[in-house]
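> Submitted below is the structure of interest, expressed as structure tokens.
The values are calculated or read from the model by the stated rules, or taken from the named source; none is laboratory data. Not measured: the values here are computed from a predicted model. Every residue, glycine among them, receives a Cβ derived from its backbone with ideal geometry; neighbour counts consider all protein chains shown.
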Amino acid sequence: MEQTINNTSGFPILSMLIVLPLAGAALILFISRANDRAVKMVGLLFSIATFALSLPLFANFDKTTHLMQFVEQHEWIPYLNMNYHLGLDGISVLFVLLSTLVTILCVLISWESVRMKTKEFFISLLVMESAMIGVFCSLDFMLFYVFWEAMLIPMFLLIGVWGGPNRIYAAMKFFLYTLVGSVLMLVGIIVLYFYAGRTFNILELTNAAYPFKMQLMLFWAFFAAFAVKVPMFPVHTWLPDAHTEAPTAGSVILAAVLIKMGAYGFLRFSMPLLPDATRAMTPVMLTLSVIAIIYGGVICLAQTDLKRLIAYSSVSHMGFVTLGIFALNVQGIEGGILQMLNHGIVTGALFLSVGIIYDRTHTRDIADYGGVASVMPVYASFFIVFTLASIGLPATNGFVGEFLILLGAFKASQWAGVLSATGIIIGAGYMLWLYQRVFFMETSSKVAGLSDLNGRELVALMPMVILIFWIGIYPNAFLSFMHPTVQHLIERVNSGAGQADILGLIK
Amino acid sequence: MNSHALIPFLPLAAFMINIVFGRKYLKEKAHWISILAVAGSWVLAVTALIEVLSGRKFNYDLYTWILSGGFKVSVGFLIDELTVVMLIVVTTCSTLIHIYSVGYMHGDSGYYRFFSYLSLFTFSMLMLVMANNFLQLYFGWEGVGLCSYFLIGYYFNKKSASDAGKKAFIVNRFGDFGFGLGIFVIFLTFGTVYYEPVFSQAGNFADATVQFLGYDVHLMTLIALLLFCGSIGKSAQMPLHVWLPDAMEGPTPVSALIHAATMVTAGVFLVARCSPIFSLSETALMVVALTGAVTSLFAATIGLVQNDLKRIIAYSTVSQLGYMFLACGVGAYSAGVFHLYTHAFFKALLFLCAGSVMHAMGGELNIQKMGNLKKYMPVTYFTMLIASFSIAGFPGLAGFFSKDEILWLAYSGPSPVGKLVWLMGTAVAFLTAFYSFRLIFLTFHGKFRGTHEQEHHLHESPKSMTIPLMLLCVGAVASGWVSIPHILGGHANFAEFMKPVLGHAEGHGTHAEEWMVMAISVSVGFAGIGLAWFMYMTRPELPARISQQFSAVHRVLFNKYYIDELYSFILIRPTIWVAKNILIGITDARIIEAVVNGVPNSIAAFSAGLRRVQTGLMQHYATIMAAGILIIAAVMLLR
Amino acid sequence: MLQQLFFAYYAVMIVLLSLLVVTRRNPVHSVMWMLLLFFHIAGLYLFLNAEFIAAIQVIVYAGAILVLFLFVVLLLNLKEEIAGRRFAGSWPAGLFVSGLLFIAVTLALGSYVQGPVGKYSIDVIRSETHTKALGTLLYTEYLFPFEIASLILLVAVVGAIVLAKRKLRS
Amino acid sequence: MVPLNWYLLLSAAVFMIGMFGFLTRKNIIIMFMSAELMLNAVNISFIAFSHFLQDLRGHIFVFFIITVAAAEAAIGLAIILALFRNKQTAHVDEMNEMKG
């Protein structure tokens, strides 16, 4: 049996994290529809409680080991050898925290902007949170798959019910796109299950050695699921539609957490399970990443829709993430993971900000804006921080991530490094142009007389600013979580599958 | 913990206080905090200078910034001769310009914002010069770029200002692209990005070649040229010079501080700092020298015909920066840094004088509409005259010493292009003198050509503005005296002081030659002044005639060689066209979306076809049912 | 020989009458031909020693069900209906399918193998009388289905009334 | 002695005629009668088998079939009445509510 560090506190913290939001959702079910305020308060309280509960993870995490921590294991379906198996390592722990934090902010930002079906909205939000945490904690592939698919439902509802005018199309597109990918992954999971001797345990699956051809096929099956989620270049077109139509909270969750899961999937499954295929496919993945970076960036230059622009910038930024991950060296992968976090924070914050101004103007057309900085100076200051973080200015988190990624990519392939570095120039171009068109120049009639941020919005944006500078100035607070795990991952990828020494390391 | 850390962090603290409390609480008092902070930095910088003069150096880390695998980089400080010179330049100029701004920006709605940006700029610039590794240098590098963006676009309601800020940032990003790659190559070569080990090991790689994008290149040349890309962007050299003239949209103190005295010289600082690397590559040095010389000449010619007061000075800045690169390129790093140091004073002075003129003229910048201002603004006139003499290389003033040292070392140095760049440099000296005095004559002499209202409004600027002018004027006169060349009986102290960091460039020539070079540069300077006197004082109708005679040349010069239009035509517009029409129009909409929507649509079409089977007529169903029975029966029979 | 002759008569008549039933334009005519057809079928049953069934064939089918048909036909005013075409557009398909199915069944007949024979030989039935034998079986072994059949009839009665009655004006 | 196959052949012929009628006639009442015809064809088979296998269960089946046929006729004709009342037609090709 593989070694893990069991949760010895006697308190099933991960299960609690998954259950608590669900409990909140259940509680909301019993609140009268008329009592809007109570619904929101319960949503807020439960999201804060979940966040508070996740903080011990940050504090108690053992940064010296790559082993799984806080592990819980119970039988689920013994006949199929499926287990309820949870645990965290250096890759996933930060994303659990990100998920819990972002949910609070989403609750805050939806406080007034969601006017219809409030009850259902907050239920969806809390169920979403629970599923997200589940995805990051699962150590059983089937359990992972269940959470992975469960996530689709609340998100589908968030887009399809509370979205913009074209919401049904966007929601269907989002749903079908991701579903097609996941189904292929399911096939892959089942193949692994039988090949590795009827187990869904990720750690045990990692120990098995798979023939190269099979690895290749599985790699592409997993690719279908993860690349759609990321989204990588040719399968990115659901993202702009989903982001544009989704309500603010939906966009934020989508940007901050949901699309991280694709990259997380690559790290958790594709790379350790299929090391030979990963190495063989690196050139392809690097190429796709570089295309995504440049393609997404250049498209942003021609966007006229605020949310659409940020959505395409996500394509570009996630290109950086996959670039780093598939550089297959320490800097690249750590940069990639950090950049996932960064992108979650920065793009999440950008969507929060866009939501804030959208609530006031009800337009997403960039041409309708102008001169917002004169009317809303505090808001403008927050937005410039997010903009700068997005274009990777030193002292913001974006810089650390992008720098490490580019360094890693340059190490892996000079062409990839050089070409993707042009993404930084393009990024500055579209973000600053956006900022200019929205905030600078003469005040347009649509924004004249808008009120600046209120306390609630300030509270929603503040954590993001703090995180941006925290990671930017002292990234080691976060990088230190990853070191052993990433080291271990790289050893695993760079070794032939199933070599004795690797088995020794894991067992 | 050392007091050095306070040098940058004092302005940082001022920035934070101002940005958080400025809008609501400090308002008109915001400048106190910034000025106190930067003055404190100045005091600490002076103590650092004294420490270094006494032979001490410092190189230590504050804390580990990024640690990932073998990559480790800290926030740390290196205090050596080069650093303290930069510290003195930055803190002195910054302090004086802060004080100047109190008067200049008085009553502006974004008063607190202006001072917080200035503080942030000072912080970034100090981080840049005090860095002990390349990444922190990059940090400061981008930081000053950001402040430049904020300050150029300070009047953000004006489209031209916000355009200029954006342009500055993006053009700089092109340079930083190369700079960043340079840092990657350094890390991959040396395994570290700290100056000290990199420079000490650079010699080991003197002859190494490396594969770069499929080509075999000389390693040191590669690194040097990539780093130089950053310099080109930040110091506005060809072909990335386009942002600096537009940057004049910012308030004038900003132009003086950022776009004349400090930030734009960061490129020169970078080359000087990396002199151990540049010195190992003759090719790179040649590129640096030629880029500098060409830019210098090129910008000077544009400066000849511009009418915008600040733009003329801006082109003069580009030209002088070219001079500094020219110096570095011929191996005379200390001469380049020396020119950087003197230039900071007289160019900041020129800008501040221009600001003073603007203040009096109510924001008017066209020198064709000025004239005879010396009557109204004697202090401004006098200080600006001194500054112009200094830049024109009037013997005894600051500019004379530094310019002469550069020209002499170019002439006599070992560089293969030395003679060529000396010739170009001399031509630039002539042009510089000409356009500087064209400016003086058109602005301060002759008859006032503006409106009546403006004339009525003319006045000398307040004390808070004229005192910094006078202080800087002292610098413009005397800052050169620290390094009087041997031939004039001095000791060339500056070069001696810099020797441990920058090495010593030896000129190989006789005293006669040195006298000749000096005489030529001085005489072309006087010739330029004389020509300007002739054209704008004695025969004021002449310039118009000449420009008519050579209208094509004039148009090209006036339109800055159409470089902006060229970039727009070959770079910006095609990119956006491709984005709009190919990426969005074809790739996304026609190819990817066609597949994505095509699959469900074809399924829908198939279903629609299949639906027709459902006629709703029960006999059809019954027939099909019977046919099913028939098929089953047939199968059973045939088995 | 006589048996075959009898059978031939009945068979020919049954087939002929069936064809008449399905091809007549006027439903009343069809019902009339069907009445005749049911008598012939009852005759065939007698021929197979099934007196009881033959009796209810006449009583229930001919007497009750067909009358019901006749009522309905008369209730509906079918004058225009009769004017139109008799067969649906897809009649060749129907002919084709039923024809082929007939051939298939005919071909299948050849492979019929008789299984073991039960205890109700003609002599047994004769000694016990047919109705008694059937009644014994029905009230013992098939009691439960018998009860269900009664329920079905009840449901049918209720259903028929509910469906056929006119809506009350409310 | 008449062999079993003759009866079965007769039964098949009647069944196919009924089926033909059901599949082709437009008039719903005749279709209904065709269905009765098919039931009768089956009944013939049952009785014939019963006779030749010396087993009374065939009779039982026929008994039940007749019962069900009666019930079916009652319900079916009631439906036809209701239908005719709403549609004013007994032609099945004018009823296509189930069209997809």
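> Here are B:Tyr155, B:Tyr104: which of them is surrounded by fewer than 22 Cβ atoms within 10 Å (Cβ to Cβ), under 21 Å from B:Val357 (Cα atoms) and among the hydroxyl-bearing types (Ser, Thr, Tyr)? It would help to see each step written out before you state the result.
Details: B:Tyr104 fails: surrounded by fewer than 22 Cβ atoms within 10 Å (Cβ to Cβ).
When all the criteria are applied, what remains is B:Tyr155.
> Report yes if C:Ala108 is within 22 Å of D:Phe49 (Cβ to Cβ), under 24 Å from the mean Cα position of the chain (by Cα) and at the interface with chain D (Cβ under 8 Å from one of its Cβ atoms), otherwise no. Before the answer, list the steps.
On the way: within 22 Å of D:Phe49 (Cβ to Cβ): yes; under 24 Å from the mean Cα position of the chain (by Cα): yes; at the interface with chain D (Cβ under 8 Å from one of its Cβ atoms): no.
Criteria not met by C:Ala108.
> Check off (1) surrounded by fewer than 23 Cβ atoms within 10 Å (Cβ to Cβ); (2) at pLDDT 90 or above for D:Lys99 and give me the number that stays unchecked.
Unmet for D:Lys99, out of (1) surrounded by fewer than 23 Cβ atoms within 10 Å (Cβ to Cβ); (2) at pLDDT 90 or above: (2).
> To continue, here is another question. Of the conditions (1) outside any helix (DSSP H, G or I); (2) touching a residue at least 60 places away in the same chain (Cβ under 8 Å); (3) closer than 27 Å to A:Ala373 by Cα, B:Thr192 fails just one. Which one is it?
B:Thr192 satisfies every listed condition except (3).
> Also: For B:Glu282, which of the numbered conditions (1) acidic (Asp, Glu); (2) more than 30 Å from B:Ala314 (Cβ to Cβ); (3) crowded, with 18+ Cβ neighbours inside 10 Å fails to hold?
Evaluating B:Glu282 over (1) acidic (Asp, Glu); (2) more than 30 Å from B:Ala314 (Cβ to Cβ); (3) crowded, with 18+ Cβ neighbours inside 10 Å leaves (3) as the failure.
> Show me the helices (runs of 4 or more DSSP H) found entirely inside chain D where at least 3 residues are within 14 Å of chain B (Cβ to nearest Cβ) and closer than 23 Å to C:Thr23 by Cβ. Walk me through how you get there before you give the answer.
Details: elements: D:4-24, D:28-53, D:57-87.
Result: D:4-24, D:28-53.
> Determine whether D:Ala71 is modelled with pLDDT of 90 or more and more than 30 Å from C:Gly115 (Cβ to Cβ). Spell out how you get there, then give the answer.
Working: modelled with pLDDT of 90 or more: yes; more than 30 Å from C:Gly115 (Cβ to Cβ): yes.
So D:Ala71 passes the test.
> Out of the helices (runs of 4 or more DSSP H) lying entirely within the stretch B:246-313, which hold 3 or more residues that are more than 26 Å from B:Phe121 (Cα to Cα) and of a type outside the set (D, E, K, R)?
On the way: elements: B:252-256, B:266-273, B:275-278, B:282-305.
The helices (runs of 4 or more DSSP H) meeting that bar are B:275-278, B:282-305.
> Can you confirm whether the stretch B:469-486 contains a residue that is more than 27 Å from the chain's Cα centre (by Cα) and without any contact (Cβ under 8 Å) to a residue 60 or more places away in the chain?
Yes, because at least one residue in the stretch B:469-486 is more than 27 Å from the chain's Cα centre (by Cα) and without any contact (Cβ under 8 Å) to a residue 60 or more places away in the chain.
> Can you tell me how many residues in the stretch B:610-630 are outside any helix (DSSP H, G or I) and not small (Gly, Ala, Ser)? Break it down stepwise before answering.
Taking the stretch B:610-630 as the starting set, the residues that turn out to be outside any helix (DSSP H, G or I) are B:612-617.
If we keep only those that are not small (Gly, Ala, Ser) as well, we get B:612-615, B:617.
Total meeting the criteria: 5.
> Turning to a different aspect of this structure: Being of a type in the set (A, V, I, L, M, F, W, C), in contact (Cβ under 8 Å) with a residue 40 or more places away in the chain and farther than 18 Å from C:Ser30 by Cβ is the filter here; which residues of the stretch D:1-46 pass it?
Within the stretch D:1-46, D:Leu4, D:Leu8 meet the criteria.
> Let me confirm something: among A:Met431, A:Met462, A:Met482, which residue is within 13 Å of another protein chain (Cβ to nearest Cβ), surrounded by fewer than 17 Cβ atoms within 10 Å (Cβ to Cβ) and not hydroxyl-bearing (Ser, Thr, Tyr)? Give the steps one after another, and end with the answer.
On the way: A:Met431 fails: surrounded by fewer than 17 Cβ atoms within 10 Å (Cβ to Cβ); A:Met482 fails: surrounded by fewer than 17 Cβ atoms within 10 Å (Cβ to Cβ).
Every option except A:Met462 fails the conditions.
This table checks each residue for (1) surrounded by fewer than 18 Cβ atoms within 10 Å (Cβ to Cβ); (2) more than 7 Å from every other protein chain (Cβ to nearest Cβ).
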{"residue": "C:Met1", "(1), (2)": "yes, yes"}
{"residue": "C:Ile14", "(1), (2)": "no, no"}
{"residue": "C:Thr23", "(1), (2)": "no, yes"}
{"residue": "C:Pro27", "(1), (2)": "no, no"}
{"residue": "C:Phe39", "(1), (2)": "yes, yes"}
{"residue": "C:Leu44", "(1), (2)": "no, no"}
{"residue": "C:Ala55", "(1), (2)": "yes, yes"}
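Yes/no matrix, rows are residues, columns are (1) buried (at least 22 other Cβ atoms within 10 Å of the Cβ); (2) more than 13 Å from every other protein chain (Cβ to nearest Cβ); (3) in a strand (DSSP E or B):
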| residue | (1), (2), (3) |
| --- | --- |
| B:Phe9 | no, no, no |
| B:Trp32 | no, yes, no |
| B:Leu36 | no, yes, no |
| B:Glu51 | no, yes, no |
| B:Thr83 | yes, yes, no |
| B:Thr92 | yes, yes, no |
| B:Thr95 | yes, yes, no |
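> Among the numbered criteria (1) surrounded by 24 or more Cβ atoms within 10 Å (Cβ to Cβ); (2) in a helix (DSSP H, G or I), which single criterion is violated by B:Gln237?
Condition not satisfied by B:Gln237: (2).
> Another one. Quick test for you: out of A:Tyr430, A:Tyr435, pick the one residue that is closer than 23 Å to A:Ile299 by Cβ and either part of a loop (DSSP other than H, G, I, E, B) or out of contact with any Gly (no Cβ under 9 Å at 6 or more places or on another chain) (or both). Break it down stepwise before answering.
Numbers: A:Tyr430 fails: either part of a loop (DSSP other than H, G, I, E, B) or out of contact with any Gly (no Cβ under 9 Å at 6 or more places or on another chain) (or both).
None of the other options fit; the residue is A:Tyr435.
> Working only within the stretch B:131-168, note down all residues that are among the polar types (S, T, N, Q) and over 13 Å from the mean Cα position of the chain (by Cα). Break it down into steps so the answer makes sense when it comes.
Of the stretch B:131-168, the ones among the polar types (S, T, N, Q) are B:132-133, B:136, B:148, B:157, B:160, B:162.
B:Asn132, B:Asn133, B:Gln136, B:Asn157, B:Ser160, B:Ser162 - these are the residues of the stretch B:131-168 that are among the polar types (S, T, N, Q) and over 13 Å from the mean Cα position of the chain (by Cα).
> Spot the failing condition for A:Val465; the list is (1) part of a helix (DSSP H, G or I); (2) under 20 Å from A:Arg360 (Cα atoms); (3) among the aliphatic types (A, V, I, L, M), and only one is missed.
(2)
> From the residues in the stretch B:240-276 that are crowded, with 24+ Cβ neighbours inside 10 Å and β-branched (Val, Ile, Thr), which one is nearest to B:Leu225 (Cα to Cα)?
B:Val271
> Any idea which of (1) in a helix (DSSP H, G or I); (2) more than 8 Å from every other protein chain (Cβ to nearest Cβ) is the one B:Pro540 doesn't satisfy?
For B:Pro540, the exception is condition (1).
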